[in-house]
Amino acid sequence: MLREDSLKFKGARKRLIDKVGKLMKDHGVEDNRVLTAMMEVPRHIFFDSVFDQKFAYENTAFKIGAGQTISQPFTVAIQSALLEVKKRDKILEIGTGSGYQAAVLLAMGAKVFTVERQKLLYDKAKDVLPALGYRPRMFYGDGFKGLPSYAPFDGVIVTCGAPYVPEALIDQLKPGGKAVIPVGDGDTQKMLRIIKNKDGSTKTEDYGDFSFVPMLQNTAK
Ligand code: SAH
């Protein structure tokens, strides 16, 4: 497995990030820190084989094993921007998958706690992320429950399609914290941003349709 960056990959990455930046602007979202972080993280290294790596800098989701996908770069960018991550923020991610989204948040200076229900993917990401110098706290478990013993969090990001807003995840937000969750159990989900007010009440914003693999209950081998 190729675990190196190269000029060729860097060039392809630059072209992808320029494209993602334009798409974000079209959606009325701008955040250069997200684009800088995505320029830093070598997305191809999260792919399974040298053959698959050829597709790493296309703006598409891609299979990573266990029936799961690494999210489309544009989706990673939008979710990261909606979180409005500040340095040293504590972020809870549900759905570690390949580990790519976690790496982008770490590159933005966040402290990342990430939960994955598939053992195979949890084990793979536990190997890849530290090899690249990214060190999130990683947990094998059910994301519907969140991580109550590490709460509260400044932000929660769910990277699978949730059938409904998991209450436990909103409970684990700090006042002023934000959760970015794709919600819907069909082929598409609405990207919701739920902001917790100081008095504990919440405000929900809708950022349109996206398509994710489903969020499933309980852990899987
Ligand atoms: N953030 C990932 C995206 C992976 S796809 C990346 O950057 O590659 C979504 C992931 O959510 C899958 O790996 C899937 O196994 C996981 N998932 C689904 N339901 C879950 C749950 N209840 N708890 C934790 N992870 C879950």
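Considering amide H positions built from the backbone, and no H for Pro or chain starts, which residues 5 or more places from Phe153, or on another chain, come under 5 Å of its amide H?
Leu173, Lys174
Leaving out same-chain residues fewer than 8 places away, which lysines sit with a Cα under 16 Å from that of Lys198?
The reachable lysines, counting only those whose Cα sits under 16 Å from Lys198, are Lys174, Lys178.
Suppose R0 equals 35 Å; then what is the FRET efficiency for Lys145 and Glu40 from their Cβ-Cβ distance, rounded to the nearest 0.05?
Values: r = 32 Å, r/R0 = 0.90.
For R0 = 35 Å, the calculated efficiency reads 0.65.
Per DSSP H run of n ≥ 4, the term is -39500 (n - 2.57); total these for the chain, divide by its residue number, and report the mean residue ellipticity at 222 nm rounded to 500 deg cm²/dmol.
Values: 7 runs with 70 residues, N = 221.
After summing the helix terms and dividing by residue count, I get -9500 deg cm²/dmol.
I want to check the label-to-label distance for Asp48 and Asp185. Put each point 7 Å from Cα in the C-beta direction and report it in nm to one decimal.
The modelled label-to-label distance comes out at 2.8 nm.
Among DSSP beta bridges lying fully in segment 7-210, give the percent that are antiparallel, nearest 5. Could the numbers behind the result be given before it?
Numbers: 16 of 34 bridges.
The antiparallel fraction comes to roughly 45 percent.
If you roll a 1.4 angstrom probe over the protein chains with everything in place, what fraction of the accessible area of the chain belongs to carbon and sulfur, to the nearest %? Can you show the working numbers first?
Details: 5500 of 10300 Å².
Here carbon and sulfur together make up 53 percent of the probe-accessible area.
Which angle from 0 to 90°, rounded to the nearest 10, does the C-alpha axis of helix 7-26 make with the longest principal axis of the chain?
Orientation of helix 7-26: about 40 degrees from the principal axis.
Please compute the alpha carbon radius of gyration of the chain, then divide it by the globular-protein estimate 2.2 N^0.38 Å. Two decimals is fine. Don't skip to the end; give the middle numbers.
Details: Rg = 16.1 Å, N = 221, 2.2 N^0.38 = 17.1 Å.
So the Cα radius of gyration is 0.94 times the expected 2.2 N^0.38 Å.
With an 8 Å Cα cut-off and a minimum separation of 6 or more residues, compute the relative contact order for segment 115-221 in percent.
Working: 207 pairs, mean separation 27.4, N = 107.
About 26 percent, as a whole number.
Holding the Cα-Cα limit at 29 Å, pick out from Lys124/Lys203; Lys10/Lys190; Lys22/Lys87; Lys19/Lys203; Lys22/Lys119; Lys10/Lys63 the pairs that are longer than that.
Numbers: Lys124/Lys203 36 Å; Lys10/Lys190 32 Å; Lys22/Lys87 25 Å; Lys19/Lys203 31 Å; Lys22/Lys119 36 Å; Lys10/Lys63 22 Å.
Violating the 29 Å limit, Cα to Cα: Lys124/Lys203; Lys10/Lys190; Lys19/Lys203; Lys22/Lys119.
Excluding residues fewer than 8 places away in the same chain, name every one of the aspartates and glutamates whose C-alpha is closer than 16 Å to that of Lys90.
Candidates past the 8-residue exclusion: Asp154, Asp171.
Starting from the Cα-Cα distance between Ser211 and Lys174, subtract it from 0.36 nm times their residue separation and give me the gain in nm to one decimal. Write down the numbers at each step before the final one.
Numbers: separation 37, 0.36 × 37 = 13.32 nm, distance 2.77 nm.
Length gained between Ser211 and Lys174: 10.6 nm.
Using a Gaussian network model of the chain whose springs link C-alpha atoms within less than 10 Å, name the residue from Lys203, Lys124, Lys174 with the highest mean-square fluctuation.
Answer for the Gaussian network model of the chain: Lys203.
How far is the Cα center of segment 146-221 from the Cα center of segment 36-98, in Å?
18 Å
The values are calculated or read from the model by the stated rules, or taken from the named source; none is laboratory data. The shown structure was predicted, so the numbers you read here are calculated from the model rather than taken from an experiment. Here Cβ is always computed from backbone atoms with ideal geometry, including for glycine, and neighbour counts include all displayed protein chains. To get the accessible areas, we keep the full protein, side chains included, count just its heavy atoms, and leave off ligands, DNA and RNA. Shrake-Rupley method; radii C 1.70, N 1.55, O 1.52, S 1.80 Å.
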